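The values are calculated or read from the model by the stated rules, or taken from the named source; none is laboratory data. It should be emphasised that the depicted structure is a prediction, and the values quoted were computed from it without experimental measurement. As a convention, Cβ positions derive from the backbone with ideal geometry for all residues, glycine included, and neighbour counts pool all protein chains shown. Areas reflect the complete protein model, heavy atoms only, side chains present, ligands, DNA and RNA absent. Shrake-Rupley method; radii C 1.70, N 1.55, O 1.52, S 1.80 Å.
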Amino acid sequence: MQLIDIGANLTHDSFDPDRDAVLQRARDAGIVQMVVTGASREHSPQALKLAQRHPGELFATAGVHPHHASEYTAECDAEMRALHAHAEVVAVGECGLDYFRDFSPRPSQRRAFELQLQIAVETKKPLFLHQRDAHADFMAMMRNFDGRLGPAVVHCFTGTRAELFDYLDQDWHIGITGWLCDERRGQHLRELVPHIPADRLMIETDSPYLLPRTVKPAPSHRRNEPFYLAHIVEELARDRGESIEVTAANATAAARAFFRLPAPPAV
């Protein structure tokens, strides 16, 4: 069984002590490729450097998360465009809107999002999207670019049924994380994931965040890592009424096509 983690924050400082061991545990768990999330002016270049150190295995996104939208200056825009000149950078983002936290003012979020959508138009790269509590504005901004954008994935989907079908109606992809495994706030996802077409469903850990709560025995730490992707696939397959092998194969094929990834390096 081969898996692709489409969203891992491997530049996070919690991985500094044992990043090589984390990568090896992922390989041992059948994860053949990973997309390292670039979500800020600081971490997007780091994601590229990490991908360059592991050719064919790690890839990167480059973007600015809405939490960091206030840092999206003209200089930042130029930096993002320079990063996208590299083949290892396979998607624009993480970008979007987050009105749940409002760590950056909403006008700043919308401006940063619009500028990154323009990068996606010009580079013709897929979009790695974030949306929380901002659905109406998010959809309106995306519609402003109708016909000019390539593929898009709503990463770490946690939303409502109506939101899901709005995304599917646009032919966008959906990224599912260990939020599915959270009995406190993810139960509704178990009822929604069977509705996602197999060719538009992808899987991710969003590590080091969102450690699946159903892992048994529960680890002593709270750090998520790509190793746990296999556990998410097991839960997802059960909820979709599929075998683990079918869910894994379809998600891997969808990710490889979406990000235009080459075949993984031979072991």
All positions within the range 231-246 that are assigned to a helix (DSSP H, G or I) and more than 19 Å from G186 (Cα to Cα): I244, E245, V246
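In this structure, is D133 free of Cβ contacts under 8 Å to residues at least 24 places away in the same chain and surrounded by fewer than 15 Cβ atoms within 10 Å (Cβ to Cβ)? Steps first, please.
Values: free of Cβ contacts under 8 Å to residues at least 24 places away in the same chain: no; surrounded by fewer than 15 Cβ atoms within 10 Å (Cβ to Cβ): yes.
The answer is no for D133.
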Candidates P107, P17, P66 - the one that is under 22 Å from D146 (Cα atoms), free of Cβ contacts under 8 Å to residues at least 12 places away in the same chain and not small (G, A, S): P107
Any pair with Cβ under 7 angstrom, 6 or more apart, that starts in the range 243-267 at a residue that is open to solvent by 60 Å² or more (accessible area, probe 1.4 Å) and ends at one that is of a type in the set (V, I, T): R260/V90
Top-ranked residue in the range 79-96 [being open to solvent by 60 Å² or more (accessible area, probe 1.4 Å) and assigned to a helix (DSSP H, G or I); ranked as farthest from A136 (Cα to Cα)]: E79
Pair list, Cβ < 6 Å and 6+ apart or interchain, from the range 177-196 residues that are more than 15 Å from Y209 (Cα to Cα) and open to solvent by less than 10 Å² (accessible area, probe 1.4 Å) to residues that are modelled with pLDDT of 95 or more and outside any helix (DSSP H, G or I): I196/I174
Filter result for Y99 (touching a residue at least 24 places away in the same chain (Cβ under 8 Å), open to solvent by 10 Å² or more (accessible area, probe 1.4 Å) and aromatic (F, W, Y)): yes
Residue satisfying all of: in the range 206-225; open to solvent by 30 Å² or more (accessible area, probe 1.4 Å) and charged (D, E, K, R); nearest to D13 (Cα to Cα) among these: R223
Y228 being open to solvent by 10 Å² or more (accessible area, probe 1.4 Å), of a type in the set (F, W, Y) and either assigned to a helix (DSSP H, G or I) or within 15 Å of M1 (Cβ to Cβ) (or both): yes
Every residue from the range 136-157 that is at positive phi and surrounded by fewer than 17 Cβ atoms within 10 Å (Cβ to Cβ): G147
